[in-house]
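The values are calculated or read from the model by the stated rules, or taken from the named source; none is laboratory data. All values reported here derive from a predicted model rather than from experimental measurement. Cβ coordinates were reconstructed from backbone atoms using ideal geometry, including for glycine residues, and neighbour counts include every protein chain displayed. Side chains are part of the model used for accessible areas, which takes the heavy atoms of the whole protein and leaves out ligands, DNA and RNA. Shrake-Rupley method; radii C 1.70, N 1.55, O 1.52, S 1.80 Å.
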Amino acid sequence: MSASRRATRFAGAGLLIISACTALLGAAALGARAEDLTVTAVPINTFLSAGIGQRVQGLTWRGGIEMQSQADTFGGLSGLGFTGPNQKLVMVSDRGNFISGQLLYDEQGRPIGLIGVQIDPIQNTKGAELPRAYTRDAEALTVIVRDGQPSAVRVGFENLTRVADFSLLDGRPSGAARDVSIPKWLSDVRTNETLEAVCVAPAASPIAGSTLLLTEGIIDDDGQHSAYLLGNNDKGPLSYISGDGTNPTDCAFMPNGDLLVLERGVSLLAFQMRLVRIPAAEVKAGAHMKGEVLLHTAGGEIDNMEALAVHAAPDGSTRITLVSDNNFNDWERNLLLEFSLD
């Protein structure tokens, strides 16, 4: 989108400015450097000419916001998970931070803003902040549920490729990292195109409790994206077949066990994205996964879409939430877009 078009859009949009709440007590106890933020939300009411509640290809459009902040630490949003009641959420930044807050909805069920926003540095296994940019490239986040309640988040990193768990305190990640064992062939690859997607299968899935690791640029002998299942009973390699010009960037399971995969790419100097669904029975070790396309688009309606989560909205509907990574660039945006799958 050109600068003039964006300026016109912002001038005509109603800005919802929401001040962040104070939540420093837990961070202070841990010795972490926390930062409260004010986030401005610009409503997005149409998507591909569809209004709220109207069909967009295989989905129903539910609304969105563009998130802005004067803080230079807000951005680079690469993973997303919902961690508690009242739509509490956590995102990870590729600069090594957790961004937590609460997503607000209006009476029509549209997302309208983010409050209580706080940034906490991701800690290493010794409880210290990650020391170098090479170690901070967090790209994926999934929520671990125990006894029906979110208990931890599992985070995937690129460059220094690894997976780690973090406890949840009132819906916010806290404490030192706990390393998760992953295959050596994966941890030995040290680039920014390794581990892009991490998701844990729900109770209804045939592989309930197993963790899917999905790579962006590790291609197997069949030309497919290498993947791996971590689990006690369901464990082993599998692969994913992406679209032409797009690569997987996040994954999330639906409550019934079906897998959603978000893909992104660049087409004619514009970002493109695909969202695909894979039946639950086809997510297993040895599989060559290829999904049904639910949404495929490019251009100004989207940006660098990197994060995906599934959660229950206040109206009880199951929502599919997508978030973009602005790479801390002025010409890219932090978008939050919501859909439902009927």
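Looking at (1) more than 25 Å from Leu260 (Cα to Cα); (2) assigned to a strand (DSSP E or B); (3) open to solvent by less than 20 Å² (accessible area, probe 1.4 Å), can you tell me which one Phe74 breaks?
Among (1) more than 25 Å from Leu260 (Cα to Cα); (2) assigned to a strand (DSSP E or B); (3) open to solvent by less than 20 Å² (accessible area, probe 1.4 Å), the lone unmet condition for Phe74 is (2).
Only residues that are of a type outside the set (D, E, K, R) and either farther than 22 Å from Gln87 by Cα or open to solvent by 50 Å² or more (accessible area, probe 1.4 Å) (or both): list them for the range 115-134, please.
Gln123, Asn124, Thr125, Gly127, Ala128, Leu130, Pro131, Ala133, Tyr134
Could you check how many residues of the range 28-68 are buried (at least 16 other Cβ atoms within 10 Å of the Cβ), at pLDDT 95 or above and not hydrophobic (A, V, I, L, M, F, W, C)?
Counting residues in the range 28-68 that are buried (at least 16 other Cβ atoms within 10 Å of the Cβ), at pLDDT 95 or above and not hydrophobic (A, V, I, L, M, F, W, C) gives 9.
Would you say Gly223 is loosely packed, with under 14 Cβ neighbours inside 10 Å, over 30 Å from Gly148 (Cα atoms) and free of Cβ contacts under 8 Å to residues at least 60 places away in the same chain?
In short, yes.
Among Leu262, Leu275, Leu295, which is under 17 Å from Thr142 (Cα atoms) and touching a residue at least 60 places away in the same chain (Cβ under 8 Å)?
Of Leu262, Leu275, Leu295, the one residue that is under 17 Å from Thr142 (Cα atoms) and touching a residue at least 60 places away in the same chain (Cβ under 8 Å) is Leu262.
For the range 69-81, which positions are among the aliphatic types (A, V, I, L, M) and either touching a helix residue (DSSP H, G or I) at 6+ places or on another chain (Cβ under 6 Å) or at pLDDT 95 or above (or both)? Outline the logic, then answer.
Pass one, the range 69-81, residues among the aliphatic types (A, V, I, L, M): 71, 77, 80.
Correct list: Leu77, Leu80.
In the range 310-320, what residues are touching a Phe, Trp or Tyr at 6+ places or on another chain (Cβ under 6 Å), assigned to a strand (DSSP E or B) and either modelled with pLDDT under 95 or open to solvent by less than 10 Å² (accessible area, probe 1.4 Å) (or both)?
Listed by number, the list holds a single entry, Ile320.
Within the range 92-106, track down each residue that is buried (at least 21 other Cβ atoms within 10 Å of the Cβ) and of a type outside the set (Ser, Thr, Tyr).
Selection gives Val92, Asp94, Gly96, Asn97, Phe98, Ile99, Gly101, Leu103.
Looking at the range 244-267, which of its residues are among the charged types (D, E, K, R), crowded, with 23+ Cβ neighbours inside 10 Å and in contact with a Gly (Cβ under 9 Å, 6 or more places away or on another chain)?
Once the filter is applied, which keeps residues that are among the charged types (D, E, K, R), crowded, with 23+ Cβ neighbours inside 10 Å and in contact with a Gly (Cβ under 9 Å, 6 or more places away or on another chain), the range 244-267 yields Asp250, Glu263.
Output yes when any residue across the range 236-256 is in contact (Cβ under 8 Å) with a residue 12 or more places away in the chain, outside any strand (DSSP E or B) and of a type in the set (Ser, Thr, Tyr), and no when none is.
Taking every residue of the range 236-256 in turn, at least one turns out to be in contact (Cβ under 8 Å) with a residue 12 or more places away in the chain, outside any strand (DSSP E or B) and of a type in the set (Ser, Thr, Tyr).
Looking at the range 141-155, can you tell me whether even one residue there is in contact with a Ser or Thr (Cβ under 9 Å, 6 or more places away or on another chain), more than 27 Å from Ile218 (Cα to Cα) and of a type outside the set (Gly, Ala, Ser)?
Yes.
Return yes or no: is Thr142 outside any strand (DSSP E or B) and within 25 Å of Gly209 (Cβ to Cβ)?
It is false that Thr142 is outside any strand (DSSP E or B) and within 25 Å of Gly209 (Cβ to Cβ).
Kindly establish whether Ser340 is more than 15 Å from the chain's Cα centre (by Cα) and open to solvent by less than 40 Å² (accessible area, probe 1.4 Å).
In short, yes.
Do we have any residue at all in the range 279-286 that's assigned to a strand (DSSP E or B) and not charged (D, E, K, R)?
no
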